[in-house]
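The block underneath contains the structure these notes are about, expressed in structure tokens.
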Amino acid sequence: MPDVGRARVERVEEQQLPVPFTLLTDDAEFIARRVDPLPEGFLDRSSMTFAFSNHSWLIRVDGLTMLVDPCNGNGRRRLVPYFDHQNLPWLDRLQAAGTTPDAVDVVFCTHLHNDHCGWNTMEVAGRWVPTFPRAAYLFVDAEYRRWDTSTGETHPNTFNESVFDECVRPVVDAGRAKLISLPYSVSPSVSVETAPGHTVGHALLRLDSGDERAYFSGDVFHHPAQVSRPELHLPGCDDLDQAIATRRSLSRRIHDEQALMFPAHFAAPHYGRVDRDDAELVFVPGSEESG
């Protein structure tokens, strides 16, 4: 992964799974023009699927170690078969990236879907406890309220059942949670900004270091095709019209600011920039991941 100014960025993979590309579009001309030229993980023509990567971002800057979107976690009952009672070496991969759970200072979840907050906690002696015992866990207030099971006002969402009680409430009970309103400054180089639509309180992390800027965009994007056509989407958005508007706006910002983008689910090389081809914005993949 590239450095961003003085910030060190690492990726911690949990798993990858195939997703039918037709969930986004079956427009053959568009696929040939905008998707076929991308690295192979973005479309397997033999199966017409793309690789949906589940990974976290590890950022070291301003003397802090920050973890963005800690994936699904192990040992949980989930309706999605890929996530159900999984047993994956994510913690080993975190250590391979150069850190350990007790060295993490800040955990930030762009939103509280199961695949973005699972490793917030782990099971110890039959109880869910914070995986990162020293960290401040940042939860956006609007997103926290959207899922809080104590209010009796949660929205039906079967794939996210029990996630709040397993992955968020134990952090609160342990005194490690901090509810934030946006915009919010984490450190001199890092801030959290609103990016709603996929969920009510979805947010992104902006990194400014040296002369460079990067956006850790969570689920604003699931595939590079959405940079060119923001109206393309996967199921599961709280407010689809708002999600499309956020995606369109962020694509323009990334282009205009010549920033890097680090989405939560892009296949290798997992990050890139946005360029313009005539009237259309296009995703430009970064250099291939080393190591």
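Looking only at segment 180-220, residues that are under 27 Å from Ala267 (Cα atoms) and aromatic (Phe, Trp, Tyr) come to 2 in all. Considering (1) surrounded by fewer than 17 Cβ atoms within 10 Å (Cβ to Cβ); (2) closer than 30 Å to Pro285 by Cβ; (3) at pLDDT 95 or above, the lone condition that Pro235 does not fulfil carries the number (3). Of all residues in segment 223-250, which are under 22 Å from Glu29 (Cα atoms) and touching a strand residue (DSSP E or B) at 6+ places or on another chain (Cβ under 7 Å)? Scanning segment 223-250 gives His223, Pro224, Val227, Ser228. When Ala259 is tested against (1) under 18 Å from Met1 (Cβ atoms); (2) crowded, with 22+ Cβ neighbours inside 10 Å; (3) among the small types (Gly, Ala, Ser), just one condition goes unmet, and that condition is (2). Against the test of being surrounded by fewer than 18 Cβ atoms within 10 Å (Cβ to Cβ), of a type in the set (Val, Ile, Thr) and closer than 27 Å to Asn160 by Cβ, the options Thr194, Thr246 yield a single qualifying residue, Thr194. Of the strands (runs of 3 or more DSSP E) lying entirely inside segment 166-229, those containing at least 2 residues that are in contact with a helix residue (DSSP H, G or I) (Cβ under 9 Å, 6 or more places away or on another chain) span 177-180, 203-209, 212-218.
The residue that is surrounded by the most Cβ atoms within 10 Å (Cβ to Cβ), counting only those in segment 56-100 that are among the hydroxyl-bearing types (Ser, Thr, Tyr) and assigned to a loop (DSSP other than H, G, I, E, B), is Thr99. So for segment 197-213 (the condition being within 26 Å of Pro81 (Cα to Cα), of a type in the set (S, T, N, Q) and either under 20 Å from the mean Cα position of the chain (by Cα) or at pLDDT below 95 (or both)), does at least one residue qualify? Within segment 197-213, one or more residues are within 26 Å of Pro81 (Cα to Cα), of a type in the set (S, T, N, Q) and either under 20 Å from the mean Cα position of the chain (by Cα) or at pLDDT below 95 (or both).
Tell me whether segment 134-152 contains one or more residues that are under 20 Å from Val9 (Cα atoms), in contact with a helix residue (DSSP H, G or I) (Cβ under 7 Å, 6 or more places away or on another chain), not aromatic (Phe, Trp, Tyr) and not in a strand (DSSP E or B). Step through it out loud before you land on a result.
Here is the first cut: in segment 134-152, the residues under 20 Å from Val9 (Cα atoms) are 135-138.
If we keep only those that are in contact with a helix residue (DSSP H, G or I) (Cβ under 7 Å, 6 or more places away or on another chain) too, we end up with 137.
Filter once more, so that each one left must be not aromatic (Phe, Trp, Tyr): none.
There is no residue in segment 134-152 that is under 20 Å from Val9 (Cα atoms), in contact with a helix residue (DSSP H, G or I) (Cβ under 7 Å, 6 or more places away or on another chain), not aromatic (Phe, Trp, Tyr) and not in a strand (DSSP E or B).
Checked against the criterion of being without any contact (Cβ under 8 Å) to a residue 60 or more places away in the chain and farther than 27 Å from Leu67 by Cβ, segment 219-226 contains not a single residue that satisfies it. Summed over segment 219-245, the residues that are of a type in the set (S, T, N, Q) and touching a Gly at 6+ places or on another chain (Cβ under 8 Å) give a count of 1. Residues in segment 72-83 that are within 15 Å of Glu123 (Cα to Cα) and in contact with a Lys or Arg (Cβ under 8 Å, 6 or more places away or on another chain): Asn72 alone. No other residue among Ser46, Ser53 is polar (S, T, N, Q), under 25 Å from Val80 (Cα atoms), under 20 Å from the mean Cα position of the chain (by Cα) and not in a helix (DSSP H, G or I) apart from Ser53.
Kindly provide the set of residues from segment 101-128 that are in a strand (DSSP E or B), aliphatic (A, V, I, L, M), touching a strand residue (DSSP E or B) at 6+ places or on another chain (Cβ under 6 Å) and surrounded by fewer than 24 Cβ atoms within 10 Å (Cβ to Cβ), ordered by number.
We begin by selecting, within segment 101-128, every residue in a strand (DSSP E or B); these are 106-108, 121-124, 127-128.
Subset that is aliphatic (A, V, I, L, M): 106-107, 122, 124.
Next, only the ones that are touching a strand residue (DSSP E or B) at 6+ places or on another chain (Cβ under 6 Å) stay: 106-107.
Correct list: Val106 only.
Taking first residues from segment 165-189 that are more than 20 Å from Gly201 (Cα to Cα) and partners that are of a type in the set (Asp, Glu), the Cβ contacts under 9 Å between residues at least 6 apart in sequence or on separate chains come to Ser187/Asp62; Pro188/Asp62; Pro188/Asp208; Ser189/Asp62; Ser189/Asp208.
The values are calculated or read from the model by the stated rules, or taken from the named source; none is laboratory data. Only a predicted model underlies this, so the values are computations on that prediction, with no experimental measurement involved. Using ideal geometry, Cβ is built from the backbone for each residue, glycine included, and neighbour counts are taken over all protein chains shown.
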